[in-house]
Amino acid sequence: MFKRLILPLLLVVSIVTLPFFMNACSPEEIINTVTTVEVTAGERLVAANEEAVADYGAGTQLVLILGKNVKANGKTELSVINSINDPSTIGAWLYVYRVPSDTSLRIYTPNPLITSSGVIELTAFFSTNQLVNLIQDTSARNIVSGALDVIINADVSITTSPTNLLNSDASLSLANSTNPVIKFNENFVPASSSLNGNTFFSTGTNQTRNMILMPAAGTLNLPDFITNLTGFPADLWIVQYNKTNTSNVSESLVLGTVVQSGQMMGIPSISVQSQVINLSKYVNE
């Protein structure tokens, strides 16, 4: 009991005294100290779930995971310094929860200390508007933006068990290399596509990746539009690729991947099965 009380107190003291620490050291020294840890989303998910439930009660629900600036290996560099000073520059995972006591969201991120395997709460450093804007920046198609609005404002949550959930590196691998990919046009007519992440990143500069794990059933509603889409999962990993093309114009590719091993989406009418679906407007091949 004593340890449970003293550790959060020490964490609060550490965060409160952070500005004084920053004045004593150069920014380069601080950033080098706290950004040397890389983790996948799944490595701290159980810890985040346990901490959120311990803090806010058994009815606490995970509603999404956001990873900005995800590296090619499906991991992020942990930097609590950046997330505190400017949420738009965050380079870590955010685990977002809805709690039973009110409608506010609670936000956790992996503790960046090398010796830690836990998480810290960042709710105090985010307003809901900041979080919504941060999430919306990662989507390049209206259908994803609309789904995120539902997630923020409605009682939906991620239902896939952490023990069954594909980790961020596995999802990114699917998005990178799967062929064929299911795509659809503005009228939601489906077709087969060879455009995946590796193909998209074969050209261009300023290449970045963002990822979101989100409830898909009841938010994206793709089976309602693509009436012969089968195997659409309850949750979906969203991978957004950004780049500057050879004409110096920004482009995005947004792919959705399944979240469990063995899941498969299909379009029987065109005999296509895939673990990846293209959710973006960029479908030029």
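The values are calculated or read from the model by the stated rules, or taken from the named source; none is laboratory data. Only a predicted model underlies this, so the values are computations on that prediction, with no experimental measurement involved. We place every Cβ from the backbone using ideal geometry, glycine too, and count neighbours over all the protein chains shown.
Could you tell me whether the stretch 147-160 includes any residue that is in contact with a helix residue (DSSP H, G or I) (Cβ under 9 Å, 6 or more places away or on another chain), in the same structural domain as Pro233 (by TED's automatic domain parsing) and in a helix (DSSP H, G or I)? Checked the stretch 147-160: no residue is in contact with a helix residue (DSSP H, G or I) (Cβ under 9 Å, 6 or more places away or on another chain), in the same structural domain as Pro233 (by TED's automatic domain parsing) and in a helix (DSSP H, G or I).
The rows are residues; the columns are (1) in contact (Cβ under 8 Å) with a residue 60 or more places away in the chain; (2) surrounded by fewer than 20 Cβ atoms within 10 Å (Cβ to Cβ); (3) part of a loop (DSSP other than H, G, I, E, B); (4) at positive phi.
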position	(1), (2), (3), (4)
Arg209	yes, no, no, no
Leu220	yes, no, yes, no
Pro223	no, yes, no, no
Gln240	yes, no, no, no
Asn248	no, yes, yes, yes
Gly256	no, no, no, no
Gln273	no, yes, no, no
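When residues in the stretch 225-238 are screened for being assigned to a loop (DSSP other than H, G, I, E, B), more than 27 Å from Val70 (Cβ to Cβ) and touching a Gly at 6+ places or on another chain (Cβ under 9 Å), 1 of them pass.
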